[in-house]
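The values are calculated or read from the model by the stated rules, or taken from the named source; none is laboratory data. None of the values given here were measured: they were computed from a predicted structure. Backbone-built Cβ (ideal geometry, glycine too); neighbour counts: all protein chains shown. With ligands, DNA and RNA removed, areas are computed over all heavy atoms of the protein, side chains included. Shrake-Rupley method; radii C 1.70, N 1.55, O 1.52, S 1.80 Å.
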Amino acid sequence: MTRNALLAGALVGALLAAPALGSMPDTPVARGGAPFIVALADTGGAAATSRDLGPTTAPPWNPPHAVPSAEPWEQAARLPGRVVSLPLSLLGSLTRHGLLSMEEKHLVPRTVVIVAALPRLGIIVTPASLGDRTGLGGRFGLTPPFLKRALEAEWSGSTRHYSRTRVRASQGALSLEYGYDWRPEERFYGLSDGSSQKDTASFATQTTFVRLGLAYRFAAETGHVPLEVRAWIGPRSQVVRDGREDHVTPLSVGFPSVSGGVRQEHLVYGVSLEADARRGRPHWSRGARAELSVEQFTSPTRLLALNDGSMAPVQFTRWGAKAEAGISFWRDPRTIRFAGRIVNQVADVAGQTLAVADLAQLGGSQGLAGYEPGRFHDMDLMVGKVSYIFPLAQHYEFDIHAEAGGVFETLRDAHDATPKTSYGVALRPRTALAPLGSINLDWSRESVRFGFHLGGVE
Amino acid sequence: MIHRIGAACTFAWCVTIALGPSTAQSAGSRHVPPRTTDISYYYDLADNSVFRPITRVTDPALGIRKLMRHPRQALNVDEHDQVRLPSTWWQPRLGYRTVTPQQIKTGPGPGTGPVAGRWKVTRAKTQGVTPGFFIKDQAGESFIIKFDPPRQAEMATAADVVASHLFWAAGYNVPDNSIVRFQREDLDIATDGTFTDELGRKQPLTQEVLDRVLSRVAQNVDGSYRGMASRLLKGKPLGPFEYRGRRTDDPEDLVPHEHRRELRGMWPICAWVNHADCRGPNSLDLWVTAGGRSFVRHHLIDFGSCLGSAAVAARSPQTGSEYFVDYGVIARSLLTLGLARSGWEETVDPELPSIGFIEGFDFDPGSWRPDYPNPAFDERTTRDIVWGTRIVAAFTEEHIRAAVELAHYTDPRATEYLVQVLIQRRNLLMSRWLSTTPTATAPFEP
């Protein structure tokens, strides 16, 4: 059959069909109830044969020559942009071929299989979470499967030489943990929230601890609010030294009164109570969580000390309270969250100042994210945060938040203090189940800070 | 002097590259198949979600066209605004010829699936989230067998069969898909059977591997398995086609794909059946020898992510309302702090696991979107949409029911629900796009 004959057949068929229109069994009506004209070209005649309905084998219609994607004037209009973007086009072409090659070699499924297999072998490899200003880091963990998670060991390290080691043995509610932390480039700006950025000093801390813990979770299966009680006891050894940053004043020069170089040995014991009734996906959107804790830092007996302390430690009690609550509305949750944290530290001997690493601190992820990490240090702190999280699109949500708070010698000083404020936004890629990470921008009177997290957002 | 010549050569090269292959002439008629091509899934996603939208926003030519309200119309249409025939992409069926419900059930034919009896498994796929295998039945016909995700029994297989028959009736070239049931004992392993392991290596296929594949698949109470059998298309596979550009080495491919009516006009059909996964990688060109000649025939394949199915899970309610990366939705949400409520948030989940998520009440026929932008859909004009909508409008309830019955849903509510949803969506499409069209064949302005 020639092209013209086919075309003519189709046209005649369509024209013949016109009178048969409008005889649909379920005449459609617009949602608002307004009728509309229906025009169909279906024939009302005998069924087409399977040969008619099969794909053609005839040479297809084609123009005499290949038709360009764009008309000449369009090509001319695009020419400058195309020339300017040639490097990008080249990069795109390389990416295209690279990705295709990667897919042909099954690199992604292979990686997925290997990454998925590692936990089964008791190996955990993830990004490190060592805190702010610690550089890029990785975490390597071992959990021998034959011990059924009774023994866990992990090591984290970063490009700025921060490191953390943990070894934990557990049986039921009981656990025994060993930890070692090396934080070489911490910052101190002085005590109180009146401290100045000009007085920056750098310090390093080396902390070792052994801790016997007990944790018990109530009502996990009964549908009540899960309540967890934890208690711990164990020796801790901490040394504060001058920081390892060349261009920043060492702590011993900048703040000789809180100077480092002294090892403090403590016996630490404490208890905490946590109730967590948060729920919702992809981010927790309803419910609340509250935690109360008290921790005593006393002088250890010689038997329990990890090292010989060169001087008697400052003994103190740390009280802590944290609470957060959220409400949400609509199907893809728009969530308003409120959070607050209070730390109250009381030295056993009035007037004694804690080691700089034991002071309460704000700035960065500790609170007031628009300020540098560790920007404010003092005995006590109080900080509050309000966030609004709303969906941007199917795979993104946005977080707008504001924080206010400060550090104080005693919490009573909070009455007269002007709180420091910080504001921020975060873009959070998400799946239907959870946020995958976040890209943050926070700002305050002093600084603008950009950061990102991979996992561990909630 | 050398510098001047160099500069001239560089300029000429830049112009050549900038103008691209679009001005290249056809390769001339010949009887050798075009080269095999492939599309990177990741690049296709990134290109269409990020790079191409940016290019379009900054495209002065497109800006001028929008300003002048003068979009480029499809290039392969006649004076009646119909596809110039013959076409190796599309064949006039419903809307142009009388197609009976029985013919829809037969589809590309024969629609019978593999011959019952013992099947030889020739290849298995164990990696990825969707297991499956290739079989050869006793008549020597080859099929690929695909399965449902365990928690959504019947969903993906049903979608694959129903949508492929609807697309066939709409005129497109599709494989012959049907629902099959079989017992483990029906399967033998071909002597040269292979499988691709988790690391992408080909290994000899064994009974243990086959059992492992079936262990990831829902089993019926009587011990049988339900699958979707897709008859392998005849011809030499040339890889997927792209929804823009041309196969420059195919002398019969002289119209840029994004300007083909069959592809632009597929948008309302995809919107109707919620084929959000309509993208280059889900197509297949075949080098076919038939009717005394060899040529490229263009097929749509893989309909497992149509209707309420996302192949491995139910479709999310956002499907069809938003691209994966939807700048318009993002901008609106940012400007309103998320207080502009999306239409999909009003939708009601049918709570039918075999359906997944598709509904007809809140379907917006004016702004349906696939998972990520499709170059041909981006070029669509009202004429293209009306062309496709007329085809959708030609589906009567009997046609729709015939296709849906091919799903063999265990739950009769699922059959009824899907029929009603497809009718609702068809009606909404018609009310949106055909209300001002006086006749089917008269030419009209956009």
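Has the range A:264-275 got any residue that is in contact with a Phe, Trp or Tyr (Cβ under 7 Å, 6 or more places away or on another chain) and open to solvent by 60 Å² or more (accessible area, probe 1.4 Å)? Please lay out each step first, then the result.
Our first condition is that a residue be in contact with a Phe, Trp or Tyr (Cβ under 7 Å, 6 or more places away or on another chain); within the range A:264-275, this holds for A:266, A:268-270.
Those still in the list that are open to solvent by 60 Å² or more (accessible area, probe 1.4 Å) too: A:269.
Yes, some residue in the range A:264-275 is in contact with a Phe, Trp or Tyr (Cβ under 7 Å, 6 or more places away or on another chain) and open to solvent by 60 Å² or more (accessible area, probe 1.4 Å).
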Inset, instruction - Those residues that are part of a loop (DSSP other than H, G, I, E, B) and within 20 Å of A:S69 (Cβ to Cβ), I need them from the range B:251-277; list them, please. - result: B:P251, B:E252, B:D253, B:L254, B:V255, B:P256, B:R260, B:G265, B:M266
Legend entry - Top-ranked residue in the range B:324-354 [being open to solvent by less than 40 Å² (accessible area, probe 1.4 Å) and touching a residue at least 40 places away in the same chain (Cβ under 8 Å); ranked as nearest to the other protein chains (Cβ to nearest Cβ)]: B:D326
Legend entry - Of residues in the range A:335-364 being farther than 30 Å from A:T200 by Cβ and surrounded by 21 or more Cβ atoms within 10 Å (Cβ to Cβ), the one nearest to the other protein chains (Cβ to nearest Cβ): A:T335
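Taking into account only those residues within the range B:224-250 that are assigned to a loop (DSSP other than H, G, I, E, B) and open to solvent by 30 Å² or more (accessible area, probe 1.4 Å), which is farthest from the other protein chains (Cβ to nearest Cβ)?
The initial filter retains those residues of the range B:224-250 that are assigned to a loop (DSSP other than H, G, I, E, B), namely B:224, B:232-235, B:240-250.
Cutting the leftovers down to open to solvent by 30 Å² or more (accessible area, probe 1.4 Å) gives us B:232-235, B:242, B:244, B:246, B:248.
Details: B:L232: 16, B:L233: 11, B:K234: 11, B:G235: 11, B:E242: 12, B:R244: 7, B:R246: 7, B:T248: 8 Å.
Per the stated criteria, the residue is B:L232.
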Inset, instruction - Scan the range B:355-392 for residues that are open to solvent by less than 40 Å² (accessible area, probe 1.4 Å), assigned to a loop (DSSP other than H, G, I, E, B) and either out of contact with any Pro (no Cβ under 7 Å at 6 or more places or on another chain) or under 20 Å from B:Q424 (Cβ atoms) (or both) and report the count. - result: 14
Legend entry - Residue, surrounded by the fewest Cβ atoms within 10 Å (Cβ to Cβ), within the range B:132-174, restricted to residues that are more than 24 Å from B:A218 (Cα to Cα) and in contact with a strand residue (DSSP E or B) (Cβ under 7 Å, 6 or more places away or on another chain): B:E141
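Can you confirm whether B:V83 is in contact with a Lys or Arg (Cβ under 6 Å, 6 or more places away or on another chain), buried (at least 19 other Cβ atoms within 10 Å of the Cβ) and touching a residue at least 12 places away in the same chain (Cβ under 8 Å)?
On the way: in contact with a Lys or Arg (Cβ under 6 Å, 6 or more places away or on another chain): yes; buried (at least 19 other Cβ atoms within 10 Å of the Cβ): yes; touching a residue at least 12 places away in the same chain (Cβ under 8 Å): yes.
In short, yes.
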Inset, instruction - Please tell me if B:G117 is assigned to a loop (DSSP other than H, G, I, E, B), of a type outside the set (S, T, Y), buried (at least 16 other Cβ atoms within 10 Å of the Cβ) and at pLDDT below 95. - result: no
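Can you tell me which residue is surrounded by the most Cβ atoms within 10 Å (Cβ to Cβ) among those in the range B:184-214 that are part of a helix (DSSP H, G or I) and under 28 Å from the mean Cα position of the chain (by Cα)? Give the steps one after another, and end with the answer.
Of all residues in the range B:184-214, those part of a helix (DSSP H, G or I) come to B:184-186, B:207-214.
If we keep only those that are under 28 Å from the mean Cα position of the chain (by Cα) as well, we get B:213-214.
Numbers: B:V213: 21, B:L214: 18.
Out of the qualifying residues, it is B:V213.
Quick check on B:G95: is it in contact (Cβ under 8 Å) with a residue 12 or more places away in the chain, open to solvent by less than 30 Å² (accessible area, probe 1.4 Å) and away from every other protein chain (no Cβ under 14 Å)?
Numbers: in contact (Cβ under 8 Å) with a residue 12 or more places away in the chain: yes; open to solvent by less than 30 Å² (accessible area, probe 1.4 Å): yes; away from every other protein chain (no Cβ under 14 Å): no.
It is false that B:G95 is in contact (Cβ under 8 Å) with a residue 12 or more places away in the chain, open to solvent by less than 30 Å² (accessible area, probe 1.4 Å) and away from every other protein chain (no Cβ under 14 Å).
Out of B:V221, B:V217, I need the residue that is assigned by TED's automatic domain parsing to the domain that holds B:F147, in a loop (DSSP other than H, G, I, E, B) and open to solvent by 30 Å² or more (accessible area, probe 1.4 Å). Which one? Full working, then the answer.
Working: B:V217 fails: open to solvent by 30 Å² or more (accessible area, probe 1.4 Å).
Exactly one residue qualifies, and that residue is B:V221.
For the range A:171-280, which strands (runs of 3 or more DSSP E) that fit wholly inside it have 3 or more residues that are in contact (Cβ under 8 Å) with a residue 12 or more places away in the chain, small (G, A, S) and under 29 Å from A:R412 (Cα atoms)?
Values: elements: A:174-188, A:201-218, A:227-242, A:262-276.
Result: A:262-276.
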Inset, instruction - Return the pairs, sorted by first residue and then second, in which the second residue is of a type in the set (A, V, I, L, M, F, W, C), the first residue lies in the range A:125-147 and is in contact (Cβ under 8 Å) with a residue 60 or more places away in the chain, the beta carbons are less than 6 Å apart, and the residues are 6+ apart or on different chains. - result: A:P127/A:L454
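Has the range A:318-330 got any residue that is within 14 Å of chain B (Cβ to nearest Cβ), buried (at least 17 other Cβ atoms within 10 Å of the Cβ) and part of a strand (DSSP E or B)?
So far as the range A:318-330 goes, yes, one or more of its residues are within 14 Å of chain B (Cβ to nearest Cβ), buried (at least 17 other Cβ atoms within 10 Å of the Cβ) and part of a strand (DSSP E or B).
Before we move on, is A:A432 outside any strand (DSSP E or B) and either open to solvent by less than 60 Å² (accessible area, probe 1.4 Å) or within 14 Å of another protein chain (Cβ to nearest Cβ) (or both)? I'd like the intermediate steps shown before the answer.
Values: outside any strand (DSSP E or B): yes; either open to solvent by less than 60 Å² (accessible area, probe 1.4 Å) or within 14 Å of another protein chain (Cβ to nearest Cβ) (or both): yes.
Yes: the conditions hold for A:A432.
For the range A:331-346, give me each residue that is part of a strand (DSSP E or B) and either touching a helix residue (DSSP H, G or I) at 6+ places or on another chain (Cβ under 6 Å) or among the charged types (D, E, K, R) (or both).
Step one: of the range A:331-346, the residues part of a strand (DSSP E or B) are A:334-346.
Answer for the range A:331-346, where residues must be part of a strand (DSSP E or B) and either touching a helix residue (DSSP H, G or I) at 6+ places or on another chain (Cβ under 6 Å) or among the charged types (D, E, K, R) (or both): A:R334, A:R337, A:R341, A:N344.
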Legend entry - Total residues in the range A:298-317, condition in a strand (DSSP E or B) and either surrounded by fewer than 16 Cβ atoms within 10 Å (Cβ to Cβ) or charged (D, E, K, R) (or both): 2
Legend entry - Every residue from the range B:279-317 that is surrounded by 22 or more Cβ atoms within 10 Å (Cβ to Cβ), part of a loop (DSSP other than H, G, I, E, B) and within 12 Å of another protein chain (Cβ to nearest Cβ): B:A310, B:R315, B:P317
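Being in a helix (DSSP H, G or I), open to solvent by 40 Å² or more (accessible area, probe 1.4 Å), at pLDDT 95 or above and of a type in the set (S, T, N, Q), is that true of even one residue in the range B:427-444? Even if it seems obvious, please write down each step before you answer.
The initial filter retains those residues of the range B:427-444 that are in a helix (DSSP H, G or I), namely B:427-433.
With the extra rule that they be open to solvent by 40 Å² or more (accessible area, probe 1.4 Å), the set shrinks to B:432.
Among the residues that remain, those that are also at pLDDT 95 or above are: B:432.
Checking the rest, the ones that are also of a type in the set (S, T, N, Q) come to none.
No, the range B:427-444 contains no residue that is in a helix (DSSP H, G or I), open to solvent by 40 Å² or more (accessible area, probe 1.4 Å), at pLDDT 95 or above and of a type in the set (S, T, N, Q).
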